[in-house]
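*Asks:* This is the structure I want to talk about, given as structure tokens.
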């Protein structure tokens, strides 16, 4: 898979997350946040299990202990981020949540430099800034008064950045994208259920009304989109991946306008344009630079 194809895969993941954001929020009208996490990732585990089994049979090398440990750390980061976001949505607005979660586009390259000693392409920094500005404008250019949910969402952004950074490392080293997805989904399902049993009502009568949202989030937002993330990140950098994945805010706004009749303000359209520009810059500049370097080498 080329880097261009990988980034398109990540863009598709962002699109699916954008469509599924409504399901993630509305499910909590019926069930608690941790029960929703448990059920959506239980469904996701079942979705990816056959592909993981096929992958295990076809692999010529056994799974290393270090890889499995890395997968588990990724699962813990995903659970922590998802928990902070879900609980945060109880006491913050969707506008605040979308913008504050999007801060991971800036946090990810910083963490990559600090912990992985990975130097992002120079275009990542202005690209991340444009994406963040776009998300801010999509949220109508304002933040309402900060509450506990907003601080939880800031914590979510940190864990998202850690998850993206760790996937960039272990997905490439292990070459086991489906197994990685299986492990992280299973950890989220188990931890979510453990917390739900202790702190929330777990009743079938409460689950049934939220079943459509659970199935959509489990099959598409989790099983498909998170697996696409793992596959795509094997062939691109964590910093670039964060920018493409942050397109979920763009697609959430676009599909809200198309499917729900929601209206974007003038500044909302400017926000979409900024995010789209950041995606083009991060995609095209390194590719043009690579072709120029290759042409210079051939002419020399």
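*Asks:* Taking every pair of alpha-carbon atoms in region 180-238, what share in percent sits in each 10 Å bin, from 0 to the bin with the longest distance?
*Replies:* Here the calculated profile for region 180-238 is 19, 41, 29, 10, 1.
*Asks:* If I model a spin label as a point 7 Å beyond the Cα along the Cα-Cβ vector, how far apart are those points for residue 26 and residue 60 in nm?
*Replies:* Between residue 26 and residue 60, the label points sit 5.0 nm apart.
*Asks:* Between residue 266 and residue 290, what is the label-to-label distance in nm when each label sits 7 Å out along the Cα-to-Cβ direction?
*Replies:* So the label points at residue 266 and residue 290 sit 4.0 nm apart.
*Asks:* Go ahead and estimate [θ] at 222 nm for the chain from helices alone: -39,500 (n - 2.57) per DSSP H run with n ≥ 4, summed, over the residue count, rounded to 500. Let's see the in-between values first.
*Replies:* Numbers: 14 runs with 231 residues, N = 300.
It comes out at -25500 deg cm²/dmol, rounded to the nearest 500.
*Asks:* Could you list 200, 248 in order of exposure, starting from the residue whose Cβ has the fewest other Cβ atoms within 10 Å? Working shown, then result.
*Replies:* Numbers: 200 17, 248 25.
If I rank by nearby Cβ atoms, fewest first, I get 200, 248.
*Asks:* Fewest Cβ neighbours within 10 Å first, please rank 76, 180 accordingly. Present the calculation step by step, with values, prior to reporting the outcome.
*Replies:* Numbers: 76 18, 180 31.
The order, fewest Cβ neighbours first, is 76, 180.
*Asks:* What does the convex hull of the alpha-carbon atoms of the chain project to on average, in nm²? List each step's numbers first, then the result.
*Replies:* Details: hull surface 68.2 nm².
About 17.1 nm², averaged over all directions.
*Asks:* What distance in nm separates the two pseudo spin-label positions at residue 122 and residue 205, each 7 Å out from Cα along the beta-carbon direction?
*Replies:* Here the modelled spin labels are 6.5 nm apart.
*Asks:* Translational diffusion coefficient, Stokes-Einstein: compute it for region 1-63 using the Kirkwood radius over C-alpha pairs as Rh, at 20 °C and 1.002 mPa s, and state it as an integer in µm² s⁻¹.
*Replies:* Values: Rh = 14.5 Å.
Rounded to a whole number, D works out at 147 µm²/s.
*Asks:* Moving on to the next point. Among 269, 235, which comes first, then next, by fewest other beta-carbon atoms within 10 Å?
*Replies:* Exposure proxy ranking, most exposed first: 269, 235.
The numbers here are math on the coordinates, done by the rules we state, and not lab data. Predicted model only: the values in this text are computed from it and were never measured. Ideal geometry is used to build each Cβ from the backbone, glycine not excepted, and the neighbour counts take in all protein chains shown.
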